[in-house]
Amino acid sequence: MTGLFPDMTSEDLLAHILASLEDDKAEEITTIDLRGKSSMADYMVVCSGRSTRQVSAISDKLRDRLKQDFGRTVRLEGKEQGDWVLIDAGDIIVHVFRPEVREFYQIEKMWMTPDNVTART
């Protein structure tokens with residue numbers, strides 16, 4: 001990985017992202033290991049916020065923490081609506097959903113196999 005922290009692994013970045021999500025009270029945090037399954041990222045993280053306001057806040061705070069702590073600029077998609085925000089952090093893709101939208105799309109089911117999912121409540 002390049003940038004301010006060239007020795008940072010995707011696992012280090014994942015740990016930072018998970019801590020940020022937990023700090024902001026994201027719910028049903030699920031980590032999907034994509035290594036060897038997709039070239040788009042090493043991990044996908046899916047979580048929920050209780051409202052559009054919380055989904056937006058979780059996304060903003062994660063973006064700000066990654067910028068402040070690692071000098072990493074991430075892209076946000078969908079923040080204006082607040083139903084589903086995609087955060088592209090390079091090696092990690094984060095999806096933050098309102099619960100109803102997450103249930104509708106069931107994005108985890110597209111990528112899950114018994115050996116590549118870690119869930120947190």
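The values are calculated or read from the model by the stated rules, or taken from the named source; none is laboratory data. Small disclaimer: the values here were computed from a predicted structure and weren't measured. No Cβ is skipped: glycine too gets one built from the backbone with ideal geometry, and neighbour counts run over all protein chains shown.
Give the residue that is surrounded by the fewest Cβ atoms within 10 Å (Cβ to Cβ), with candidates limited to residues of region 39-52 that are without any contact (Cβ under 8 Å) to a residue 60 or more places away in the chain and under 18 Å from residue 13 (Cβ atoms). It would help to see each step written out before you state the result.
Residues of region 39-52 that are without any contact (Cβ under 8 Å) to a residue 60 or more places away in the chain, as a first pass: 39-43, 45, 47-52.
Subsequent filtering for residues that are under 18 Å from residue 13 (Cβ atoms) retains 39-43, 45, 47.
Numbers: 39: 7, 40: 10, 41: 19, 42: 20, 43: 22, 45: 24, 47: 24.
This residue is 39.
Filter region 53-111 down to residues that are of a type outside the set (A, V, I, L, M), over 21 Å from residue 10 (Cα atoms) and in a helix (DSSP H, G or I), then give me how many there are.
The number of residues fulfilling the criteria is 10.
When the residues of region 43-75 are narrowed to those that are of a type in the set (Asp, Glu) and at pLDDT 95 or above, which ends up farthest from the chain's Cα centre (by Cα)?
Going through region 43-75, the residues of a type in the set (Asp, Glu) turn out to be 60, 64, 69.
From what's left, at pLDDT 95 or above: 60, 64.
Numbers: 60: 12, 64: 14 Å.
Ranking the qualifying residues of region 43-75, first place goes to 64.
Which of the residues spanning region 43-77 are farther than 17 Å from residue 98 by Cβ and in contact with a strand residue (DSSP E or B) (Cβ under 7 Å, 6 or more places away or on another chain)?
Answer for region 43-77, where residues must be farther than 17 Å from residue 98 by Cβ and in contact with a strand residue (DSSP E or B) (Cβ under 7 Å, 6 or more places away or on another chain): 43, 44, 63, 74, 75.
Any idea how many residues of region 58-76 are free of Cβ contacts under 8 Å to residues at least 40 places away in the same chain, surrounded by 18 or more Cβ atoms within 10 Å (Cβ to Cβ) and touching a Ser or Thr at 6+ places or on another chain (Cβ under 9 Å)?
To start, the set of residues in region 58-76 that are free of Cβ contacts under 8 Å to residues at least 40 places away in the same chain comprises 58-60, 63-64, 67-68, 73-76.
When the remaining residues are screened for being surrounded by 18 or more Cβ atoms within 10 Å (Cβ to Cβ), the result is 58-59, 63, 74.
Subsequent filtering for residues that are touching a Ser or Thr at 6+ places or on another chain (Cβ under 9 Å) retains 58, 63.
Total satisfying the criteria: 2.
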